[in-house]
Every structure is written in structure tokens, then in C-alpha cells.
Amino acid sequence: MNLYEYEGKSLFKKYGIRVPEGIFINSPQNAGNIEAFVEEVGEVAVKAQVLAGKRGKAGGIRFCKTAEGAELAVELLLHATIHGSESVGVLVEQRLSIVGEYYLSLTFDGWHRAPVVILSQQGGVEVEELTQRHPEKLVIRPIDSIFGLPEWKAREIAAEAGFREERMRKMADLMVRAYRCFRENDIRLLEINPIIETPKVNFFAADAVVILDDDAMTRHRDFNYPPRGGLGRPLTERELQAKLIDQNDYRGVAGKYIELDGDIAMMSAGGGGSITNMDALISYGGRPANYTEYGGNPPAEKVEKLTRVVLSKPGLTACWHVGAVANNTRVDITMEGFIAGLRAIRPPFPIVVRRGGPGWEEARAALERAREELHLDMTIFGPEMPMTESARVVIQKSEEYKSRLRGLNC
């Protein structure tokens, strides 16, 4: 789970990491204290809270000297969309005097098989740019998973990065606090870019990038972060329903669902095949209504729940149930769940199925019986039909359905 900046900074404060004074605003109704805040702290930065990088270059950060300017910036950014990510609010922060900007991150490294700390005196730029253009300005050091990051080790790293005397001691203290936050909260990535140094040699986290390990959430019952999707926006109602499918049920996977703005519903089996088939659908001119996948031999009831979620979206013009030839998934059992979902929804639009694997002949027979019983416009293909070619078929069926709808509207 990716945290928004205001959430990451709230977590930092629990570990004594300094952050600028600020207020979070998520609606016009709670924006009434801006004037008092600006009078107290002076010039402010108004920052859109989005799960997207480079927001400053996209106009997602505004600097304001007056309360009137800050209120206007809040109004502009409160529900802005930046790089496809919808703002969930704004963070209004005190603008600090800057002496220096630095970079710090903590993450897990596959090469070292351990946490690593990355520190640089050159902050405020993308770490990818630093890595490519100035790798000598990055200090990357593994951290012993057993002994952690003691103060003396943090001072060595800070000194190696070029920090001296008081600055070295304060940067080491910041690293130690950041590492505690990293380990105790099962964080996959903790990045502060930039760390701001003020004239009194104090270090502040001017930004916060925090990615939590989803698999460790059961150890953090105190977390109350609202669920979020991978598109930089709050989850839709259907996405929330889909997440519940796999909750406390580890028999296969059937709860992966991302809602898109197309009209062809996708029931996809297998991760790699799902992506390939979506690419094919788009390349042939189709518009997917969602991305989803199931696999790992889920039971019929989980596939039924996913089918109900996928087919409940308004405005659908076709459904494409597609997957490669399975090897560890009983196709007859998963199709039993799909058929149960069809029986509940009884979709008027066409359905195209392409599948294969253990139990496929039994699954085909069950699909044919359901087609007759429910009077469905369903085309059924086995392994003899290439997956990507069946994309052309579902697009054609979708267009025919839309044409019939236009005729009825006339």
C-alpha cells in the first residue's frame, strides 16, 4: 500500500522525524482554518495529495504568501487530477528557509538480501537521475537485519556521504529514526526527498514516500488507512467488493479487479495471459471495462463472486472470459462459478469464452447447457482458437450489440 504524503509524515512524527507544520484539508467544509494557519506560519506550500511522482512540475504544488492565495490554491488542487492520479485532499505546509537539500531512502535490496540505506547530499532530484548521471554522489550501504542500524554505523554512512560535525550527527540521528520507522511498520520503501536543512542546522522531511508491505498488514491492526487502488485514486465500490473475495480465504486468487473506463468486461485467467489479452483487445480497438485475473485453482464460489463484480458494472456491451490452457486449475470447477454468476446476472450482452485445461470438456458441456437454459448470446472456444484471435470476436460481438441498442433507441 502506498501512503499519501500527509499519512507518511504523520507516521514520521511518531518517530521524532521533523516535518514542516501543516494542516490536511480534504473538503471545502474543513478549509476554514487556512487564514489562521497562514497568519501563524507565514508563507506556505499547498500540495495536492496524489499517488504520483513529479507533481510539482505538473502544477501540483503552489507557494503562497497570503491566506487569499492559499485558499485559491486549495480550491484549485483539492480535487485535481495529476498524471492520472486523483487528489484526495491538500496539505498546506509552512514553507521553510532552505540551506541545503538531501536525499535519504531505505528499502530492501535483492542483491544484498538485506535492507539498504541510500544517502546523498544531492536531494530534490529523481534518484534515477542521480543513479545514471552522478552515481558517485550516492552512498548505498546494506544494514544487518539482526543488529539493525546503530548510531555509530549511521555516523559512518553520513560521514561517507560528506556530512561533517553537527550535520553528520543530526543526519545520523535522522537515519536511525527512519530505520526504526522502516522496520517496525514493515515498510518496503521509505524515501525522503528532499530532506531540508534550515539555517539552524535542523533537518526536516519535506516529502514522504512510504510503501507498506501488504502481506504484513495482519501485524498492524492499528493501521486505519483507507483502501486504495493501483491507479492513484480511491477504490470504487466494485473494487472494494473484489478485495473481500480473497480475504481470509487462501484457496487460489480471484480478488484482483481494477475498474477501467471501457465497455468490454474481462474475466481473465493467469497473470501473464491477462496482460497479453488486454494488450490484444486494446490493439484491435476494444476498450476493456476492467483488468482482472484469477488463478491458483480457486473454488467455484470465489469465481462466482468475481463474476458478479465484473458483470455488475453499468454500460457493458460484451464479456470476454479468456485464459491460456490451464495446468493447475480445474477449469470445470472455475466455470461452475462463472455459470453461477451468469445465472444471477443474466447479462443481455454477448459473451465470448476461450479456455482449456483440466476438465475443459466438462466445462464446455456445462457452458452449452447454461447457454440454452439462460438464453445467452455466448460463443465458446477451446484451445483450438488462439487467445488473441478471440479478442477480435468479442469486439465484433460488442459492435453488433451496440448497433442493436442504437436501433432500439431509434
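Using equal-weight Cα scatterers in the Debye expression, the normalised intensity of the range 55-107 in log10 at q = 0.12, 0.25 Å⁻¹ is -0.37, -1.03. Relative to the longest principal axis of the Cα atoms of the chain, helix 151-160 runs at roughly 90 degrees. Here the relative contact order of the chain, from alpha carbon pairs under 8 Å that lie six or more residues apart, stands at 12 percent. For the range 365-376, backbone phi angles converted through the Karplus equation (6.51, -1.76, 1.60; θ = phi - 60°) give residue-by-residue couplings of 4, 5, 5, 5, 5, 5, 4, 6, 5, 9, 6, 9 Hz, Gly and Pro being listed as x.
Considering every pair of different Cα atoms, what Kirkwood radius, in Å, is found for the chain? For the chain, the Kirkwood estimate is 24.4 Å. Under 5 Å between amide hydrogens, built in the peptide plane, is the criterion, and for Gln122 it picks out Tyr103 among residues at least 5 positions away or on other chains. For the chain, modelled as a GNM with alpha-carbon contacts under 10 angstrom, which of Tyr291, Tyr102, Tyr250 fluctuates the most? Evaluated over the chain, the most mobile residue of the options is Tyr250. DSSP finds beta bridges in the chain, and of those with both partners inside it, around 75 percent are antiparallel. The listed residues Leu78, Leu408, once ranked by accessible area (1.4 Å probe) with the largest placed first, stand as Leu408, Leu78.
For the range 260-335, the Cβ-based charge dipole about the Cα centre amounts to some 120 debye (Lys, Arg positive; Asp, Glu negative; other atoms uncharged). To the nearest ten degrees, helix 387-409 and the longest principal axis of the Cα atoms of the chain are 80 degrees apart. Helix 5-14 and the longest principal axis of the C-alpha atoms of the chain enclose an angle of approximately 50°. Put the Cα centre of the range 324-369 next to the Cα centre of the range 235-285 and the gap is 16 Å. If you run the Gaussian network model on the chain, springs between alpha carbon atoms under 10 Å, then out of Met378, Met217, Met278 the most flexible one is Met217. Per-residue ellipticity at 222 nm, computed for the chain from helices alone with -39500 (n - 2.57) per DSSP H run of at least four residues, works out to -12000 deg cm²/dmol.
Using a probe of 1.4 angstrom and keeping all protein chains present, the accessible surface of the chain works out to 49 square angstrom per residue.
Mean sequence separation of contacting Cα pairs (under 8 Å, at least six apart), scaled by the length of the range 166-316, corresponds to a relative contact order of 18 percent. Under 5 Å between amide hydrogens, built in the peptide plane, is the criterion, and for Asp377 it picks out Ile351 among residues at least 5 positions away or on other chains. Here r is the Cβ-Cβ distance between Glu128 and Glu373 and R0 is 60 Å; the resulting FRET efficiency, rounded to 0.05, is 0.60.
With the largest listed first and rounded to whole Å, the semi-axes of the equivalent ellipsoid of the range 256-341 from the Cα gyration tensor are 20, 15, 9.
With semi-axes defined as the square roots of five times the eigenvalues of the C-alpha gyration tensor, the equivalent ellipsoid of the range 1-100 measures 19, 18, 13 Å, largest first. In the range 148-222, the convex hull through the Cα atoms has an average projected area of 5.7 nm², a quarter of its surface area. The candidates Arg18, Arg62, arranged from most to least accessible area with a 1.4 Å probe in the full protein assembly, appear as Arg18, Arg62. Just the protein heavy atoms count here, and of the accessible area of the range 16-172 at 1.4 Å, carbon and sulfur take up 49 percent. With the whole protein complex present, His134 retains an accessible surface near 60 Å², based on a 1.4 Å probe.
In the chain, taking the dipole from charged Cβ atoms about the Cα centre, the farthest positive-side position among Pro115, Trp320, Tyr284 is held by Trp320.
In order along the range 210-218, phi translates into HN-Hα couplings of 9, 10, 8, 7, 4, 6, 9, 5, 5 Hz, rounded to whole numbers, per the Karplus curve 6.51 cos²θ - 1.76 cosθ + 1.60 with θ = phi - 60° and x for Gly and Pro.
The string of couplings for the range 219-225 from the Karplus curve (6.51, -1.76, 1.60, θ = phi - 60°) is 8, 10, 5, 7, 5, 10, 6 Hz, one whole number per residue in order, with x for Gly and Pro. Between the range 10-54 and the range 58-113, the C-alpha centres lie 9 angstrom from each other.
The values are calculated or read from the model by the stated rules, or taken from the named source; none is laboratory data. Fair warning: this is a prediction, and the values are worked out from it, not measured in the lab. Quick reminder, even Gly has a Cβ in these numbers, built from the backbone with ideal geometry, and neighbours come from all protein chains shown. Only protein heavy atoms, including side chains, enter the accessible area calculation; ligands, DNA and RNA are left aside. Shrake-Rupley method; radii C 1.70, N 1.55, O 1.52, S 1.80 Å.
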